[in-house]
Structure formats: structure tokens, C-alpha cells
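Student: Can you read through this structure? Questions will come right after.
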Amino acid sequence: MNILRKIILGFLWGIGFSIACFLVSTTYVIHVLPQVENISSDNHKERMKRSIFSQYDELSPKVVSTKLDGPIIETIVALKPSYEPKKFMSLAYFDNNNEFITVCDERLPVVATENELHYFKVYCPIPDSNLKPVSVQVTLRL
């Protein structure tokens, strides 16, 4: 009889411990876990935004120098090729009044290495030698 009593008492202790564990884990899942997920998802969203914008800034073409040599503009553009290949680079030139002067399309050579900075020299004729380009807008396209 004494052994049966110990078995029943152990069974009741086990059920009580199981109920306590269930209540603690349910409380954690209902109250604590959603707050932790909100905090981590907000941090993850911020990190993703920073990562995406830094990659965009890193991959966008940058004008290194522009030199006017008679009726020709020599422009050097730094570009880091991405996994999405572009075939053409368009350079639009503007004067002091932000008025359009000319546009030049340059075919980009196939570059074997990605994520390396490459420099491209573009020569573009100016329709009127009196116009002095001040700003350049570079766009990439297929």
C-alpha cells in the first residue's frame, strides 16, 4: 500500500509540474514573445533599409571629373558593376541655368569582375562651343 501511495504522489507531482510548465510557457508565448518579435523585426527592417540604400549609393555611377577640350567634353565616370548588367550609360549635360545642352550614350564593355570600381572615359561633342556644361547626370539602362 505504501508503494502505491508513493506512485500516486509522484504522479500528482508530475502532473502539477507539467501544469506549471504549461502555464509559464503559455504566459511567455502570449505576453513576452510578441514584444521581442516586434523589437527584432523593427531592428531588422532598419538594417535592411540601411543595407539596401548603402548598396544603391555604392552601385550608382559617380562623375569623377569633367574636362572641356574645345568642342568635346571628356568625362570620367566611376562605376561598380552589379549583378544586374547594364549595357548603356547616358550622360546628360546641363549649363549654369540648368538648361539641357546635350546627351551622350556610351556602350559599357562587359566587365568580368563585379564589386570592383571601374573607370570609364566618355567623349561627347558639344553642339555649340559657347556652351559650358556645369553639371552631368548619369543614368544606366539596358
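Every read-out reported here was derived from the displayed coordinates using simple, explicitly stated rules and does not represent laboratory data. These figures come from a predicted structure and were not determined experimentally. For neighbour counting, all protein chains shown are included, and Cβ atoms are generated from backbone atoms with ideal geometry for every residue, glycine included.
Student: Order by neighbour count: Cys124, Cys104, Cys21, fewest other Cβ atoms within 10 Å first, most last.
Tutor: Cys21, Cys104, Cys124
Student: Under a point spin-label approximation (7 Å from Cα along Cα-to-Cβ), what is the His118-Lys45 distance to one decimal in nm?
Tutor: 3.8
Student: Around Lys121, with a cut-off of 15 angstrom between Cβ atoms, what is the net charge of the other residues, counting Lys and Arg +1 and Asp and Glu -1?
Tutor: In short, -1.
Student: Amide H neighbours of Lys80 under 5 Å, counting only residues 5+ apart in sequence or on other chains, H built in-plane at 1.01 Å?
Tutor: His118
Student: Take Tyr119, Tyr93 and order them by how many other Cβ atoms sit within 10 Å, fewest up front.
Tutor: Fewest to most other Cβ atoms nearby, the residues stand as Tyr119, Tyr93.
Student: Restricting everything to alpha-carbon atoms, can you work out Rg to Rh for the stretch 1-44 with a Kirkwood hydrodynamic radius?
Tutor: With Rg and the Kirkwood Rh in hand, the quotient comes to 1.43.
Student: With each pseudo-label sitting 7 Å past Cα toward Cβ, what's the Asn98-Asp69 distance in nm, one decimal?
Tutor: 3.2
Student: If you take every residue apart from Ile73 with its C-beta less than 10 Å away from the C-beta of Ile73, what net charge results, scoring Lys and Arg +1 and Asp and Glu -1?
Tutor: That works out to 0.
Student: What is the extension gain from Ser135 to Ile19, computed as 0.36 nm multiplied by their sequence separation minus the C-alpha to C-alpha distance, in nm to one decimal?
Tutor: 34.5 nm
Student: Using +1 on the beta carbon of Lys and Arg, -1 on that of Asp and Glu, and nothing else charged, what's the dipole of the stretch 61-141 about the Cα centre, debye to 20?
Tutor: Charge dipole, the stretch 61-141, about its Cα centre: 180 debye, nearest 20.
Student: In whole Hz, with x marking every Gly and Pro, tabulate ³J(HN,Hα) for the stretch 7-19 from phi via Karplus 6.51 cos²θ - 1.76 cosθ + 1.60, θ = phi - 60°.
Tutor: 5, 5, 4, x, 4, 5, 4, x, 5, x, 5, 5, 5
Student: Past the 16 angstrom mark, what percentage of all C-alpha to C-alpha distances in the stretch 61-141 do you count?
Tutor: The proportion of pairs with Cα distances above 16 Å equals 50 percent.
Student: Please find the FRET efficiency linking Lys6 to Thr27, where r is the Cβ-Cβ separation and R0 is fixed at 30 Å, and quote it to the nearest 0.05.
Tutor: E between Lys6 and Thr27, to the nearest 0.05, is 0.40.
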